[in-house]
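The values are calculated or read from the model by the stated rules, or taken from the named source; none is laboratory data. On a predicted model such as this, the values are computed, not experimentally measured, just so you know. Neighbour counts are summed over all protein chains in view; Cβ atoms, including those assigned to glycine, are modelled from backbone coordinates with ideal geometry. SASA here: full protein model, heavy atoms, side chains in, ligands and nucleic acids out. Shrake-Rupley method; radii C 1.70, N 1.55, O 1.52, S 1.80 Å.
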Amino acid sequence: MWGYQRADEGGVALPDTAEKFEETESEARERPLWVEVPARRPRLPDPIRTAAVRAGLMTAVTVLMAVVAFLLTMAKALLAFPAVIAAVAGIVAATWAVLDVWVTRQVWNQRHGVVSEPSSTARRLRREWRAARRQERAVEREFRRIRRRGGQPAGTV
């Protein structure tokens with residue numbers, strides 16, 4: 001999950017539970033302690049990551065405010081009502097922040113494109129539209145070519 005794993009003598013990543021206790025000091029100096037493992041998914045673009053961090057912080061603060069409001073309500077304290085109002089406002093703000101992540105992601109994908117998969121419906125439709133346009137242009141070129149020669153297209157009267 002993190003970016004590094006323990007390595008053995010050949011630089012091959014080891015699980016954390018497989019440790020060697022018999023190695024000498026010279027062997028320990030020669031082998032690398034960590035080997036970088038490539039990430040499974042590419043890093044999120046900066047605007048999306050910023051919005052996601054903001055949404056995560058706002059959600060955490062909102063949960064904290066809701067717990068405080070609940071505890072104050074159970075204790076019948078005077079600050080319970082303002083705490084509940086603040087928690088409701090926090091819920092609205094956190095919801096707005098999560099929607100901001102979604103909108104930012106959609107805008108990023110629209111501006112910078114998305115990775116098209118072979119099973120993508122949009123990709124198949126674009127391919128069909130291009131083929132239809134090519135067919136229409138070919139028919140139009142054929143009619144213009146025949147008219148230039150002064151003849152009639154085949155199959156017309």
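Please indicate, with yes or no, whether at least one residue in the range 34-51 is among the small types (Gly, Ala, Ser), assigned to a helix (DSSP H, G or I) and modelled with pLDDT of 75 or more. Yes, the range 34-51 has at least one match. Counting only residues that are touching a residue at least 12 places away in the same chain (Cβ under 8 Å) and either open to solvent by 90 Å² or more (accessible area, probe 1.4 Å) or over 21 Å from TRP108 (Cα atoms) (or both), the range 40-57 holds 1 of them.
Of all the residues in the range 77-111, those that are open to solvent by less than 50 Å² (accessible area, probe 1.4 Å), farther than 18 Å from ILE48 by Cα and assigned to a helix (DSSP H, G or I) number 5.
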